[in-house]
Each structure stands twice: as C-alpha cells, then as structure tokens.
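Structure record follows, encoded as structure tokens.
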C-alpha cells in the first residue's frame, strides 16, 4: 500500500504498482484525495480490478468490461452500449459491489426504468426497455464467464419489455411510386429512395455506396460496408451481419438510373461515396414527399419492409428474399408471416387435392 501526503496541496496521492499481461512492471497513480483512507481505498480498487476480484464495484468492473470488449465491437454499436451504461446503469449500480448485487435490486431498477419518462413525458418503449435489460445482463454474463461471478442476477430476474414494437408499417407499390414522383425534383433524393426500395437495402448500406460497388455489365451492386456518422466523423464499418455482405441483381431500369446518376456526379472517384447526404436528410425528404402526395409517413427502415412485402406479394420464397436483403430466411418467415395469407389458402387447396387424389 502506497499513499503520500502532498504538502503543496494538502491532499493525498495514491500509487499503484503492478505487472501487466506482458510481464512488464507498470505504475499508475491518482492525486487529489482529501484523506489517506480515500487514497488507499482507490489503490485497493485497482488491485481488485487487476486480480479480477468481484468484490470490486460495478463502476470498476465496467472499466474491465470496456477494456475487454471495446475493440471487439463495431464503433457505432459500442457508442450505443456506452450511452446505456453511462446513463442508465452506472447511476444506479455504480457504487455497488458486483458480488453483492441481488435480484431484488435488479427488480427495483427495472421498475424505475419502466416508470421513467423522457423530457416530454413519454415512457420508454417496450423495445428500449428490453435493450436496457439485455445490456445489464450482458455485463453480468461477462463477469460470470470470465471473472468468477457465481450467478447473473439479471438473468435470474428475467427480462422486461418486448422484442418488437407495434406491427411494422410499409407502403404498397402504388404508394411508393406516388412518393417517388414527388422526389424527382431532387435527383439525389430520387435515386437514393430508388435504391432503398427496389433493392431493399438499409440506410447505412445506401450511404456507403461507391461507384466501385456497381457492375453495370452484370447489373449488380455489391453491399460490403455501412456508413455511420459518429461524433462528427464519417465512419465506414462492416455491414450489420455476416449475411449482409451480398451482391444484389438490379432490375434493368434501376441499372440505367444509377448509371445516369453516377455519370452526372462531378469528378467522382471509384471509392467516393455517391450519396453525400445524412440520415437526417433522408428523414426530412421522407416528411416532404409523404406530405406532398398524401401517403402515410413511414420510417426510412420501413421502406425495406415495403421492398420485402412486394417480393412476398410477387410469390418469391423466404429463402430467395433473405438472400437478396441480407436476412436469415427464418426471420423473413417469422417477421412477415402476416403478409402470406394467400399462401395459407394455397396450402389448404393443395392438401385438399392430395386428400381427394388418394381417396380416388
């Protein structure tokens, strides 16, 4: 234990010496403690972190969790996790010791989150509540799996909220075509929404597109990256999932449109982004177009749902659609089952036919 009185400030300085994972001797210190007791308490906390002693506080374990996980997660995903940790978890559990947090405290935290309101008085959505609990449980799982915590109290309590919000919205083809007409006064908006609808790609995938992604001889566009705006920086990441890496065959009319659009861009390089716009711009244009042609205002992501619903209506299988949009086929089956009513009738008719044939 090493704590030193600093006469010039009349405060205490704690020094912690340790051996890192490479076997190198290191030293860290912190100044400004009002008492020797506080300085030594800080040093003990550093020792507990270094030895993964779950007697440490939740706040200290978050530092360990961050060091373990931050480099393994996409930057935009980590930003979301970090915001939840900082604003929803640390204020409640920060000073509690990891080994002392009990299920009853998780229940109390859940109740606080359920009753919490945004500034405008609206409660957190069921999906957001589920996300909050999942993040807390993920931290405790990490402690159980790698640092010897006996159990995950969040898992013992169970989740709150639910996986999905209200039923997804989508446009029919006619509604989209009316909207697209309103976008034709701004070419960048028109071509952006054409790619979103006819290819069923995500916002981030659209905004990352470059001329090099298009092969107009084959009529394809390759999805291999995603765009995010993080803390004032343009960030290009991998797509959302491994299956999101895909090559999409474009309809002939869309090939012509995109070739015209790229040719109209001034001095564009093969790896330059062709849609130098933001997600906010797309949302603003969605507001504008929906109002002009009097169609219901849906989310930008709902254009993807609209593209999938069109393919279902055209009779394509869940597997074929999943390959095109970068989903798992089981997700298409579960999430869009309500769009397959004609398939139920077809199944019944076929079964009726099979029974009649065997009866003969």
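The values are calculated or read from the model by the stated rules, or taken from the named source; none is laboratory data. Being a predicted model, the structure only gives us computed values, none of them experimental. Using ideal geometry, Cβ is built from the backbone for each residue, glycine included, and neighbour counts are taken over all protein chains shown.
In the set (1) surrounded by fewer than 20 Cβ atoms within 10 Å (Cβ to Cβ); (2) under 19 Å from residue 279 (Cα atoms), residue 196 fails one condition alone, (1). Looking across the range 317-328 at every residue that is farther than 17 Å from residue 239 by Cβ and loosely packed, with under 15 Cβ neighbours inside 10 Å, the one that is modelled with the lowest pLDDT is identified as 317. If you go through the range 122-164 and keep only what is more than 17 Å from residue 88 (Cα to Cα) and modelled with pLDDT under 85, you end up with 148, 150, 162, 163, 164.
Of the residues making up the range 105-128, those that are under 18 Å from residue 80 (Cβ atoms) and in contact with a helix residue (DSSP H, G or I) (Cβ under 6 Å, 6 or more places away or on another chain) number 1. Here residue 119 passes the criteria (1) within 17 Å of residue 61 (Cα to Cα); (2) not in a helix (DSSP H, G or I) except the one numbered (1). Among the residues of the range 197-232, those that are in a loop (DSSP other than H, G, I, E, B) and farther than 27 Å from residue 175 by Cα comprise 210, 216, 217, 218, 224, 225, 231, 232. Residue-level check: of (1) closer than 25 Å to residue 308 by Cβ; (2) in a strand (DSSP E or B), residue 235 misses just (1). With respect to the conditions (1) part of a helix (DSSP H, G or I); (2) outside the structural domain of residue 325 (by TED's automatic domain parsing); (3) out of contact with any helix residue (DSSP H, G or I) (no Cβ under 6 Å at 6 or more places or on another chain), residue 132 lacks only one, and its number is (3). The set of residues in the range 136-164 that are within 18 Å of residue 72 (Cα to Cα), touching a residue at least 60 places away in the same chain (Cβ under 8 Å) and buried (at least 19 other Cβ atoms within 10 Å of the Cβ) comprises 139, 143. Here the condition is being within 30 Å of residue 287 (Cβ to Cβ), free of Cβ contacts under 8 Å to residues at least 40 places away in the same chain, assigned to a helix (DSSP H, G or I) and out of contact with any helix residue (DSSP H, G or I) (no Cβ under 6 Å at 6 or more places or on another chain); of 174, 181, 185, it holds for 174 alone.
Here's the yes/no breakdown for (1) in contact with a helix residue (DSSP H, G or I) (Cβ under 6 Å, 6 or more places away or on another chain); (2) in contact (Cβ under 8 Å) with a residue 12 or more places away in the chain:
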residue	(1), (2)
216	yes, yes
220	no, yes
226	yes, yes
232	no, no
249	no, yes
266	no, no
284	no, no
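Looking across the range 97-114, the residues that are touching a strand residue (DSSP E or B) at 6+ places or on another chain (Cβ under 8 Å) and farther than 16 Å from residue 138 by Cβ come down to 97, 114.
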